[in-house]
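To keep things clear, I will list the structure first and then write my remarks on it.
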Amino acid sequence: MSSETADSHSPSAEAAPALRVLCLGNDLLGDDALGSVVADQLRPFASDDVDILNTSESGFHLLDHLLGVRHLVVVDTVHSGNAPPGTIYQIRDCDLPLPSGGSPHYVGLCEALALARKLSLPVAKEVIILAVEAVDCVTMGAEMSFPVRSTIPRLVSMVRHMMPPITGRRGSQAPS
């Protein structure tokens, strides 16, 4: 299954991947580039039943990436101010409270997951979020800060331990 094919996220896809790693962020916004770097470092370790996706999409656009998979790991940055930069949070989506009275002006990952479940869409039953406390995710052209950059090996290791062992590699098939 190729993560680039249009039907790889379809509920009718023949074999759902065992795991999808959804790395969120924007390469142009300093610490927000974390997801892209982690995705690039994970791809060599992904078996055929693991999707590694990187996107800068947000809101309802994330729905396509949440469907048709059994387990989902999300890698992202967060700026909560509750911990030092570079702190890694490991959270299950069910442990995050949704704000009451949602806003039509902002839809995040948790709201998209809640909507998918309410609509009985084939969303992952298990969602683990690995979020890193960031320094700056809004300055255009900024480089990734040292505290965030230094978490990359640990994040890659954490996700690799969640992946099934490699039995086949994506793209190893000869072209027809």
Exercise for review: Taking only the range 131-176 into account, find how many residues are modelled with pLDDT of 85 or more, open to solvent by 40 Å² or more (accessible area, probe 1.4 Å) and aliphatic (A, V, I, L, M).
Suggested key: 3
Check your understanding: Being among the aliphatic types (A, V, I, L, M), over 28 Å from Ser120 (Cβ atoms) and touching a residue at least 60 places away in the same chain (Cβ under 8 Å), is that true of even one residue in the range 46-64?
Key -> yes
Practice item. Taking Val75 as meeting all but one of (1) touching a residue at least 60 places away in the same chain (Cβ under 8 Å); (2) among the hydrophobic types (A, V, I, L, M, F, W, C); (3) touching a Lys or Arg at 6+ places or on another chain (Cβ under 8 Å), write down the number of the exception. Key: (3)
Practice item. Pick out the one residue from Leu63, Leu67, Leu24, Leu19 that is closer than 23 Å to Glu133 by Cα and either open to solvent by less than 60 Å² (accessible area, probe 1.4 Å) or in contact with a helix residue (DSSP H, G or I) (Cβ under 7 Å, 6 or more places away or on another chain) (or both). Key: Leu24
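The values are calculated or read from the model by the stated rules, or taken from the named source; none is laboratory data. The shown structure was predicted, so the numbers you read here are calculated from the model rather than taken from an experiment. In this analysis, Cβ positions are derived from the backbone assuming ideal geometry, glycine residues included, and neighbour counts consider all displayed protein chains. The protein model used for the area step is the full one, side chains on, heavy atoms only, and it has no ligands, DNA or RNA in it. Shrake-Rupley method; radii C 1.70, N 1.55, O 1.52, S 1.80 Å.
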